[in-house]
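The structure appears right after this line, and notes come after that.
The values are calculated or read from the model by the stated rules, or taken from the named source; none is laboratory data. Keep in mind it's a predicted model, so treat the numbers as computed, not measured. No Cβ is skipped: glycine too gets one built from the backbone with ideal geometry, and neighbour counts run over all protein chains shown.
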Amino acid sequence: MAEEARYLYSVAKTAIEVNLGEIGIEKKEVFTIPYKDIAAVVHSSLAEPYDTKDRTRAEEWILEHSYVIDQAMKRFESVLPFSFDVILKGDNSAIAGWLEKNYLVLHKNIEKVEGKAEYGIQIYYNYNDLAGKILEDDPELKGMKSRIEKESKGMGYLLQKKLDARLKSLASQKAAELTNQTLGKIKTLAAELKMDDKKRKADGYKGMTLLVSYICLVADENVLQLGETLDEINRREGFRVRFTGPWAPFSFVDYRELS
Amino acid sequence: MNPERDSSLVEILDRLLDKGAIINADLIITVAGIPLIGLNLRAALASMETMLEYGIMEDWDKSSRELYASQETHLPLIPGEQVLYKAFGYIWQDEGIAKSWVPGIWNVTNQRLILWVKTPGKAIFETPLASLRVFRVPTSHETRQELELVYPDGRARISLSERDEFEAALARATTETEVISV
């Protein structure tokens, strides 16, 4: 028989013992176990990890786990998210003891993310649109293009090659410039910023190239301004920005010192 | 523009499994010494993630290898060194108070055997292949198999789900490693 345990969703900044209802994995009742001004958001479980070969079931669990963290974020000032299947052995008092033992580390993390949330920023561009815009704005290239139409086939071909190469280099130059400018602005608005090296393309951006992907920790009062900054890029011909959030600060917590 | 919450599984998975910090705590439950996510679930999710990424479905151990292989890029190699095989696995650590199976990516190169951990990005174990000896030992878990490594600096107990493949990779990498069944 497995012993008593608590499945941990998050640690929140609250001193209150509260029942959040049956919102947990497989409708488990979620509640807080406070210690001082922080509390573990948990459900009562056995000391066994959730495990399944059934993908649909796994998906449901993950979404349920995520839902509880979202609810905690709505309810409490500051929330430290935990990964799936973090299960602590013992009853409520054992968990309170764990909070006590790790209070400094947890509190340090809470202070860091307080009043902030995680956001994803992805900048995409469409080469053809961007190249079209560059061509339109550049009289020299425009002239080159009209010359191609008049030249002989061989000469036209060579000129076209030259034009393509020139456009390509200008487009990548422009994309790089924009990335640098944007990064500068985002940095002033974000408390912390990380490059997302996974650079996974989102649905709905077919034919576009993902230029850059950031994950930022942003204070609530800066989100509007960040949105405006991103709007400037989004309005440019050939560029599109994907701005997601708010997420619990998954990428900015550091639990290495927990014991 | 306003931020949007994409509730797609990809976004959530990325955060929940990759980043949502792996914790190492005394109270944390383990299954046969393995912390956190159940093996089957890890498998299901790994294949899900790969499926989402490549738009294809493959059997889990291949796809989970690919998933974990993506972590391998950070492993610093010495000149002339090549990674020949990588697989998710564990090493038993019993120094200090916390005795546990520590997860990572086993990398067999043409020169070394390394257990690489992406976060914080370090090799928890490494040894040259020369004079490494590998013993098959009885296992304490149904889906994983254990091996005992004997190398010049000492001994280590390790665990992988595909022991045969691992041994075959070692055999391909060097003729100097000896694999002995007990």
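Residues of region A:203-217 that are within 9 Å of chain B (Cβ to nearest Cβ) and at pLDDT 90 or above: A:ILE215 alone.
Yes or no: region A:199-219 includes at least one residue that is surrounded by fewer than 16 Cβ atoms within 10 Å (Cβ to Cβ), over 30 Å from A:MET144 (Cα atoms) and polar (S, T, N, Q). No, there is no match, as no residue in region A:199-219 is surrounded by fewer than 16 Cβ atoms within 10 Å (Cβ to Cβ), over 30 Å from A:MET144 (Cα atoms) and polar (S, T, N, Q). Identify, from the list A:LEU210, A:LEU217, the residue that is in a strand (DSSP E or B) and touching a Leu at 6+ places or on another chain (Cβ under 8 Å). One residue alone meets the criteria, A:LEU217.
Against the list (1) under 13 Å from the mean Cα position of the chain (by Cα); (2) away from chain B (no Cβ under 13 Å); (3) among the basic types (Lys, Arg), the condition A:ARG200 fails is (2).
Among residues of region A:150-170 being part of a helix (DSSP H, G or I) and charged (D, E, K, R), the one that is nearest to A:ALA131 (Cα to Cα) is A:LYS168.
Number of residues in region A:19-37 that are touching a helix residue (DSSP H, G or I) at 6+ places or on another chain (Cβ under 8 Å) and within 20 Å of A:SER66 (Cα to Cα) equals 7.
All conditions in (1) at negative phi; (2) surrounded by fewer than 22 Cβ atoms within 10 Å (Cβ to Cβ); (3) out of contact with any Pro (no Cβ under 9 Å at 6 or more places or on another chain) hold for A:LEU8, with the sole exception of (2).
On inspection, A:GLU192 fails the criterion of being at pLDDT 90 or above, outside any strand (DSSP E or B) and surrounded by fewer than 17 Cβ atoms within 10 Å (Cβ to Cβ). Taking the condition out of contact with any helix residue (DSSP H, G or I) (no Cβ under 8 Å at 6 or more places or on another chain), modelled with pLDDT of 90 or more, over 27 Å from A:GLU3 (Cα atoms) and within 14 Å of chain B (Cβ to nearest Cβ), does A:TYR124 pass? Taking the combined requirement at face value, the residue satisfies it. Considering A:LEU158, A:LEU135, the condition of being at pLDDT below 90, surrounded by fewer than 16 Cβ atoms within 10 Å (Cβ to Cβ) and more than 30 Å from A:GLU4 (Cα to Cα) is satisfied by A:LEU158 alone.
Restricted to region A:230-259, and to residues there that are part of a helix (DSSP H, G or I) and either under 17 Å from the mean Cα position of the chain (by Cα) or at the interface with chain B (Cβ under 7 Å from one of its Cβ atoms) (or both), the residue that is surrounded by the fewest Cβ atoms within 10 Å (Cβ to Cβ) is A:ASP231.
Please work out if A:LYS112 is assigned to a helix (DSSP H, G or I), within 14 Å of chain B (Cβ to nearest Cβ) and without any contact (Cβ under 8 Å) to a residue 12 or more places away in the chain. Criteria not met by A:LYS112. Against the definition (more than 22 Å from B:ARG5 (Cα to Cα), facing another protein chain (nearest Cβ under 9 Å) and among the charged types (D, E, K, R)), how does A:ASP51 come out, yes or no? Yes; evaluated as a whole, the condition is true for this residue. Every listed requirement among (1) of a type in the set (S, T, N, Q); (2) modelled with pLDDT under 85; (3) in contact with a Leu (Cβ under 9 Å, 6 or more places away or on another chain) is met by A:THR56 save one, (3). Considering region A:80-96, and only residues there that are of a type in the set (A, V, I, L, M, F, W, C) and under 19 Å from A:GLU114 (Cα atoms), the residue that is farthest from the other protein chains (Cβ to nearest Cβ) turns out to be A:LEU80. Among the residues of region A:178-185, are any of a type in the set (S, T, N, Q), under 19 Å from A:ARG240 (Cα atoms) and at pLDDT 90 or above? No; the residues of region A:178-185 include none that is of a type in the set (S, T, N, Q), under 19 Å from A:ARG240 (Cα atoms) and at pLDDT 90 or above.
For beta carbons closer than 7 Å, sequence separation of 6+ or different chains, a first residue in region A:92-109 that is under 15 Å from A:LEU80 (Cα atoms) and a second that is among the aromatic types (Phe, Trp, Tyr), the qualifying pairs are A:LEU99/A:TYR35; A:TYR103/A:TYR35. A:LEU193 fulfils the conditions (1) over 30 Å from A:LEU217 (Cβ atoms); (2) touching a strand residue (DSSP E or B) at 6+ places or on another chain (Cβ under 6 Å) except for a single criterion, (1). Looking at A:GLU77, is it in contact (Cβ under 8 Å) with a residue 24 or more places away in the chain, facing another protein chain (nearest Cβ under 9 Å), of a type in the set (Asp, Glu) and at negative phi? It is false that A:GLU77 is in contact (Cβ under 8 Å) with a residue 24 or more places away in the chain, facing another protein chain (nearest Cβ under 9 Å), of a type in the set (Asp, Glu) and at negative phi.
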